[in-house]
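Report on the following structure.
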Amino acid sequence: MQLPSSLLQNAVAEFSKLPGIGKKTALRLVLHLLKQDVNEAEQFGEAITRMRKEIKFCQRCYNVSDGDICSICANSVRNQRMICVVENIRDVIAIESTQQLNGTYHVLGGIISPLDGVGPDQLNIETLVSRIQKEETEELLFALNPNIQGDTTIYYIQKKIAHLPCRITTIARGIAFGGELEYADEMTLARSIANRLPVQQYVK
């Protein structure tokens, strides 16, 4: 796509790097910004820059945060002795939208996948084990994608904490095997959380 302005061309190229944004969509977005007042465009750019520079990750659960501790971990109304283990931040957002979970989270930052070169040491697993011991966690709810990699991760963590008096559950298989949480509708995800099952019922 050849454009009459190199500045326009560069802006379109940057927008098209975003997931799900093709060249035509990127051009529409850039042309929209071009119609906006300069101050509005600057506010847009500043918001993105500040987000990238200033956003932090919770020192307790690794969720995104404005401070050292995220708003979920800092909420005294939530059940601080329940941890929902998820793969990434998108899964936290998906589960929070159901309003069915009153506990806290722990973001692993991925799942064990030897074929992709991802091992346990590259994930936030040791900090999870330490957290369970330190905080005397009563329930550990696994909300990982229902596939082989997710089950492998659950099995590994389950073995690591087998000596701890912590109830281990997982979301019910209302979500199809091989599916991904971020694409599940809210009702399916809500029912999966409400009807969670003991891990040993399906991890062999």
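The values are calculated or read from the model by the stated rules, or taken from the named source; none is laboratory data. Quick caveat, the model's predicted, so the values are computed rather than measured. Positions of Cβ are generated from backbone atoms using ideal geometry, with glycine treated the same way; all protein chains shown enter the neighbour counts.
Checking Thr137 against (1) part of a loop (DSSP other than H, G, I, E, B); (2) without any contact (Cβ under 8 Å) to a residue 12 or more places away in the chain; (3) in the same structural domain as Asp185 (by TED's automatic domain parsing), only one condition comes out false. Which one?
Among (1) part of a loop (DSSP other than H, G, I, E, B); (2) without any contact (Cβ under 8 Å) to a residue 12 or more places away in the chain; (3) in the same structural domain as Asp185 (by TED's automatic domain parsing), Thr137 violates only (2).
Could you list all residues from the range 4-24 that are part of a helix (DSSP H, G or I) and touching a helix residue (DSSP H, G or I) at 6+ places or on another chain (Cβ under 7 Å)?
Applying the first criterion (part of a helix (DSSP H, G or I)) to the range 4-24 yields 6-15, 23-24.
Correct list: Leu8, Ala11, Val12, Phe15, Lys23.
For the range 94-123, enumerate the residues that are of a type in the set (Val, Ile, Thr) and either in contact (Cβ under 8 Å) with a residue 40 or more places away in the chain or part of a loop (DSSP other than H, G, I, E, B) (or both).
Within the range 94-123, the subset of a type in the set (Val, Ile, Thr) is 95, 98, 104, 107, 111-112, 118.
Ile95, Thr98, Thr104, Val107, Ile111, Ile112 - these are the residues of the range 94-123 that are of a type in the set (Val, Ile, Thr) and either in contact (Cβ under 8 Å) with a residue 40 or more places away in the chain or part of a loop (DSSP other than H, G, I, E, B) (or both).
From the list Ile72, Ile89, Ile112, which residue is more than 21 Å from Leu189 (Cα to Cα), of a type in the set (Val, Ile, Thr) and touching a strand residue (DSSP E or B) at 6+ places or on another chain (Cβ under 9 Å)? Outline the logic, then answer.
Working: Ile72 fails: more than 21 Å from Leu189 (Cα to Cα); Ile89 fails: more than 21 Å from Leu189 (Cα to Cα).
Being more than 21 Å from Leu189 (Cα to Cα), of a type in the set (Val, Ile, Thr) and touching a strand residue (DSSP E or B) at 6+ places or on another chain (Cβ under 9 Å) holds for just one of Ile72, Ile89, Ile112, which is Ile112.
So which of Thr104, Thr153, Thr137 ends up being over 19 Å from the mean Cα position of the chain (by Cα), crowded, with 18+ Cβ neighbours inside 10 Å and modelled with pLDDT of 95 or more? Give the derivation first.
Working: Thr104 fails: over 19 Å from the mean Cα position of the chain (by Cα); Thr153 fails: over 19 Å from the mean Cα position of the chain (by Cα).
Just one listed residue meets the conditions, Thr137.
So, in the range 72-93, how many residues would count as being part of a loop (DSSP other than H, G, I, E, B) and over 14 Å from the mean Cα position of the chain (by Cα)?
Of the range 72-93, the ones part of a loop (DSSP other than H, G, I, E, B) are 72-81, 87-88.
Going one step further and asking which of them are over 14 Å from the mean Cα position of the chain (by Cα), we end up with 73-81.
Total meeting the criteria: 9.
Looking only at the range 52-73, which residues are surrounded by 14 or more Cβ atoms within 10 Å (Cβ to Cβ) and of a type outside the set (Lys, Arg)? Break it down into steps so the answer makes sense when it comes.
Step one: of the range 52-73, the residues surrounded by 14 or more Cβ atoms within 10 Å (Cβ to Cβ) are 57-58, 60-65, 69-70, 72-73.
If the condition is that a residue be surrounded by 14 or more Cβ atoms within 10 Å (Cβ to Cβ) and of a type outside the set (Lys, Arg), then Phe57, Cys58, Cys61, Tyr62, Asn63, Val64, Ser65, Ile69, Cys70, Ile72, Cys73 are the ones that fit.
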